[in-house]
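Worksheet for the structure shown next.
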Amino acid sequence: MKYLATGTETTDRYDKLVLSPGSSPLRPLIPGIDSEGIYSLWTIPDMDRIIQAVHAGATKAVVIGGGFIGVEVAENLREQKIDVALVEMLPQVLAFLDPDIAA
């Protein structure tokens with residue numbers, strides 16, 4: 001690990017290190033889900049397509065899913081002056097947080 005503020009580097013050792021990058025985006029079964037202008041975000045090329053849509057003049061977006069990635073995507077789209085609606089099926093976004101913190 002490199003600490004950018006100081007330039008110092010350290011090495012961490014693990015008895016076991018588990019990486020689990022096997023997820024995939026959930027695409028809800030709704031009419032039109034495979035239409036043009038509907039994007040999933042799972043890979044760098046997916047992100048590039050979304051950025052390309054923003055640069056092509058997109059002005060509105062609906063982000064489905066209020067988990068960490070959905071909230072981050074919504075925040076970054078807002079920073080690009082996109083009008084964003086965030087949709088979450090659970091009672092709160094960031095369901096892994098205490099309700100008071102998520103609010």
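The values are calculated or read from the model by the stated rules, or taken from the named source; none is laboratory data. This is a predicted model, so every value here is computed, not measured. No Cβ is skipped: glycine too gets one built from the backbone with ideal geometry, and neighbour counts run over all protein chains shown.
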Counting only residues in the stretch 17-47 that are of a type in the set (Asp, Glu) and over 13 Å from the mean Cα position of the chain (by Cα), the one farthest from Gly67 (Cα to Cα) is identified as Glu36
Those residues of the stretch 59-73 that are of a type in the set (A, V, I, L, M, F, W, C), within 13 Å of Tyr39 (Cα to Cα) and outside any strand (DSSP E or B) come to a total of 1
Within the stretch 51-73, of all residues that are more than 15 Å from Leu26 (Cα to Cα) and out of contact with any strand residue (DSSP E or B) (no Cβ under 9 Å at 6 or more places or on another chain), the one surrounded by the most Cβ atoms within 10 Å (Cβ to Cβ) is Ala58
Across (1) assigned to a strand (DSSP E or B); (2) over 22 Å from Gln92 (Cα atoms), Ile51 clears everything bar (1)
Scanning the stretch 74-94 residue by residue, those of a type in the set (A, V, I, L, M, F, W, C) and closer than 14 Å to Leu26 by Cβ turn out to be Val87, Met89, Leu90
Taking the stretch 40-50 and the residues there that are exposed (fewer than 15 other Cβ atoms within 10 Å of the Cβ) and closer than 16 Å to Pro28 by Cα, the one that is modelled with the highest pLDDT would be Ser40
Quick count over the stretch 88-103, residues being of a type in the set (Gly, Ala, Ser) and touching a Leu at 6+ places or on another chain (Cβ under 8 Å), is 1
Restricting the stretch 74-103 to residues that are part of a loop (DSSP other than H, G, I, E, B) and β-branched (Val, Ile, Thr), the one surrounded by the most Cβ atoms within 10 Å (Cβ to Cβ) turns out to be Val93
